1. What is the residue count in the stretch 381-405 for residues that are closer than 17 Å to residue 332 by Cβ and in a loop (DSSP other than H, G, I, E, B)?
2. In the stretch 133-161, which residue that is surrounded by 21 or more Cβ atoms within 10 Å (Cβ to Cβ) and in contact with a Cys (Cβ under 9 Å, 6 or more places away or on another chain) is farthest from residue 430 (Cα to Cα)?
3. Could you grab me the full set of residues in the stretch 247-277 that are of a type in the set (Lys, Arg) and in contact with a Pro (Cβ under 9 Å, 6 or more places away or on another chain)?
4. If you take the residues in the stretch 304-343 that are surrounded by fewer than 16 Cβ atoms within 10 Å (Cβ to Cβ) and either of a type in the set (Phe, Trp, Tyr) or part of a strand (DSSP E or B) (or both), which one is farthest from the chain's Cα centre (by Cα)?
5. Being closer than 14 Å to residue 117 by Cβ and either without any contact (Cβ under 8 Å) to a residue 12 or more places away in the chain or in contact with a His (Cβ under 7 Å, 6 or more places away or on another chain) (or both) is the filter here; which residues of the stretch 55-80 pass it?
6. Give me a count of the residues in the stretch 321-338 that are over 19 Å from residue 358 (Cβ atoms) and touching a helix residue (DSSP H, G or I) at 6+ places or on another chain (Cβ under 7 Å).
7. When you scan the stretch 380-398, do you find a residue that is small (Gly, Ala, Ser), modelled with pLDDT under 95 and within 20 Å of residue 206 (Cβ to Cβ), even just one?
Amino acid sequence: MNNKYLRLFALLLCPVILLSCMSSCGKDSDPETPDNSSGQNGNNVSSDEHDPSTFFEMDGVLVDFTDSTVTVQIPNGDKYTFSTEGVEVSKDRSGIKTGCPIIVGYYGALDDFAEVQNVDVSIIAIGKHPSLTYVEEKMANMSLEEKVGQMFFARCPGGNAAADVKSYHLGGYILFASNVKDKTKDQLKSEISACQKASDTGMFIGVDEEGGTVVRVSKYSAFRSKPFASPRDVFASGGWDLIKSDAKEKAKLLSSLGFNVNFAPVCDVPSSSDDFIYKRAFSTDPKECAKFAETVIPITNQNGVAGCLKHFPGYGNNVDTHTGIAYDERGFETFEKRDFIPFISGINAGAKFIMVSHNIVKCMDEKRPASLSPEVHNILRSDLGFEGIMITDDISMQGITDFTDNADAAVLAVLAGNDMLCCTDYKEQIPAVIKAVKDGTIDEELIDSAVKRILLIKYEMGIAK
């Protein structure tokens, strides 16, 4: 066997991606195995048909792909596109992403000006994206306690915050106004930095900085001369241009202090100005709310902060779940025509987090709050195609405490499909989830699935250690 083939064969023994099903899966998908038993189609070529001296291999990274081509970028920056039709490949279910290492073996000479190279491609081997390698290696050395801790986005305590990061292996802290009040920028940065240093995985550090009635940082003059205005008021003052500059300033301020998650934008679509969520919502028009989400999310992401769409599946005209259980009597068609629209736009714009509300939405699950409902999470994951982190609203809110106790709430939230739990009582709830895994109530595969998403996004954001 040609020595060059030995290297390709070795790579193929490692997980690689089946290219021929890209068209049905799309980017960042899990391909299925096609019927390729004959191995005789397209430009699949046997090495016996060519002079071995005309065989070459190209090393690079995958920068684009379609149902019939891959584009490879080599170290000097040049890009070449190859046909994938009939190419000998193998299969992996770990997903495919641009940025994956790739080797293309081919016979013939390249044309620097060709749109698609006119060569006989013998084999294409796509290895795992570095993020997937990181996640697998990290998880292989994590205990159950460490994995469960990653699922908790805890309310930052007044003291011993860094110590609790180590003790409970927390995945993130959310800070409130009490964590910010009376501090200078340097003091807040130092406290956040201490928590990051205490973490073995890197932490999400989040805050609610929506603008308007919900501001945790800019309400204090040490951080901004005046609080951020509500998005509704920002738009009224300067249209979409001001919305963009406001989103950029907000993300830059938060990032400069050490925050990497903003629990915003609000994607709820109220029915009228009488609704609880109205003052926090952008508009009563779902299309305007959708444009707001798709405008804000990329800007937030680009400035080092992950935005979080909230509160799925949408408050609409519901009452406040901070103070009790809310029942949503609306039909599913209303959600399809109104409430889902901003979330879909935000997902398509690259949202990494979606927060799930505590409303009991009867058309989806008449027995459980949305945050504890497998049916609601399945809609978000399967029907809307969200692949990021699903996180509960704070499970210490009365909409949950009136429904169940602290320990059960955490277990039910994991069983529902949440990747992370926003909580206050993590010292009670983390042991409850660990116990539920050990006694078989929760399948550990459910924990692993969530932690993979968490670590993957931490890696992609540059947070991971």
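The values are calculated or read from the model by the stated rules, or taken from the named source; none is laboratory data. Everything numeric here is computed off the predicted structure, so don't read it as measured data. When we count neighbours, we look across all protein chains shown, and the Cβ atoms used for this are built from the backbone with ideal geometry, even at glycine.
1. Here the count works out to 1.
2. It comes out as 156.
3. none
4. Result: 327.
5. Passing the criteria: only 71.
6. 1
7. yes
A quick yes/no check of all residues on (1) closer than 30 Å to residue 333 by Cα; (2) out of contact with any helix residue (DSSP H, G or I) (no Cβ under 9 Å at 6 or more places or on another chain); (3) surrounded by fewer than 18 Cβ atoms within 10 Å (Cβ to Cβ); (4) aliphatic (A, V, I, L, M):
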| site | (1), (2), (3), (4) |
| --- | --- |
| 361 | yes, no, no, yes |
| 371 | yes, no, no, no |
| 379 | yes, no, no, yes |
| 408 | no, no, yes, no |
| 420 | yes, no, no, yes |
| 434 | no, no, no, yes |
| 438 | no, no, yes, no |
